[in-house]
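Derivation of every value follows stated rules applied to the coordinates shown; laboratory data play no part. All values derive from a computational prediction rather than experimental measurement.
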Amino acid sequence: MTDITLSIPDISCDHCKNSIEGALKPLDGIETATVSIGDRSVAVKFDDSQINLSAIVEAIDGQGYEVAQA
Ligand SMILES: [Cu+2]
């Protein structure tokens, strides 16, 4: 299991939190995905035999949010 925290500057409210968590949680290999609105980040725990970082970044991008750093 791998833990990462991704910075997403455009996170501002519950809608952002729900969009990003909702896009990540259903994906195979995602154990947990938790957005911090205050920190403008998402903490993701994932199984790297099932999903990789670029797929995670892509899913976030698909919701209209850009990851600032990986
Ligand atoms: Cu928002």
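Couple of notes before you dig in:
- You can think of it this way: the chain between THR32 and SER12 has 5.2 nm of extra reach, that is 0.36 nm per residue less the Cα-Cα gap.
- Angle in degrees between helix 14-24 and the longest Cα principal axis of the chain, rounded to the nearest 10: 10
- Shape of region 1-42 from the C-alpha gyration tensor: oblate (a/c of 1.5 or more and a/b not above b/c, with a ≥ b ≥ c the square roots of its eigenvalues).
- Along its first, second and third principal axes, ordered by size, the chain spans 32, 20, 17 Å in Cα coordinates.
- Between amide H atoms placed 1.01 Å from N, distances below 5 Å from THR32 occur with LYS45, all of them 5 or more places distant or on a separate chain.
- Relative contact order [Cα under 8 Å, 6+ residues apart], region 2-62, whole percent: 39
- Nearest-ten-degree value, helix 53-62 long axis tilted from longest Cα axis of the chain: 40
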